[in-house]
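Take a look at the structure below.
The values are calculated or read from the model by the stated rules, or taken from the named source; none is laboratory data. Source: prediction; values computed, not measured. Quick reminder, even Gly has a Cβ in these numbers, built from the backbone with ideal geometry, and neighbours come from all protein chains shown.
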């Protein structure tokens, strides 16, 4: 099987100018753990994940090294409101790892496992065409095992 046979084609994407308030809403309300970032003509230029948003709140190494009595994680949590006006471009991962639609699904799964991803964008010639998850791959192999 190849990726295009099982990928999700209707992918919710965002632009570099999308405010993080909208990104966070999409993630929380739709249970998206990440969203592809596209420019004109669906050119894939980045990804923003929950990890990117939350890591912005994490203490820096300098904060930890200079800490004199512990860090106030509750106040850090309250800082979440401060990141909501930021734009996607402020937090997104620019080095995108994607798979092609003509790739074997187990090769895609191995790329995902190697990078500790649960889902990955599908891009042909730099253009976003879909998304695939480990669950999609597992489900497809499971179903195929009963049809052979």
#### Entry: Test: residue 140 is assigned to a helix (DSSP H, G or I) and touching a residue at least 12 places away in the same chain (Cβ under 8 Å)
yes
### Query
Before we move on, is residue 62 at pLDDT 95 or above, in a helix (DSSP H, G or I), out of contact with any helix residue (DSSP H, G or I) (no Cβ under 8 Å at 6 or more places or on another chain) and surrounded by fewer than 14 Cβ atoms within 10 Å (Cβ to Cβ)?
no
### Query
Which one of the conditions (1) within 16 Å of residue 9 (Cα to Cα); (2) without any contact (Cβ under 8 Å) to a residue 60 or more places away in the chain; (3) under 13 Å from the mean Cα position of the chain (by Cα) does residue 124 fail to meet, given that it meets all the rest?
(3)
## Note on the structure
Selection over the stretch 2-18 where residues are under 29 Å from residue 142 (Cα atoms), touching a strand residue (DSSP E or B) at 6+ places or on another chain (Cβ under 8 Å), exposed (fewer than 14 other Cβ atoms within 10 Å of the Cβ) and touching a residue at least 60 places away in the same chain (Cβ under 8 Å) yields a count of 2
### Task
Could you grab me the full set of residues in the stretch 108-122 that are at pLDDT 95 or above, within 21 Å of residue 94 (Cβ to Cβ) and touching a helix residue (DSSP H, G or I) at 6+ places or on another chain (Cβ under 9 Å)?
112, 120, 122
### For residue 21: the one exception among (1) within 15 Å of the chain's Cα centre (by Cα); (2) loosely packed, with under 14 Cβ neighbours inside 10 Å; (3) in contact (Cβ under 8 Å) with a residue 40 or more places away in the chain; (4) over 14 Å from residue 99 (Cα atoms)
(1)
### Summary
In the stretch 108-121, anything closer than 28 Å to residue 17 by Cβ and in contact (Cβ under 8 Å) with a residue 40 or more places away in the chain is listed as 118, 119, 121
### Task
Give the residues of the stretch 74-107 that are part of a helix (DSSP H, G or I), touching a residue at least 60 places away in the same chain (Cβ under 8 Å) and either exposed (fewer than 14 other Cβ atoms within 10 Å of the Cβ) or in contact with a helix residue (DSSP H, G or I) (Cβ under 9 Å, 6 or more places away or on another chain) (or both), sorted by residue number.
83, 88, 90, 91, 105
### Task
Scan the stretch 26-35 residue by residue and report those that are out of contact with any helix residue (DSSP H, G or I) (no Cβ under 9 Å at 6 or more places or on another chain), at negative phi and either surrounded by 13 or more Cβ atoms within 10 Å (Cβ to Cβ) or not in a helix (DSSP H, G or I) (or both).
26
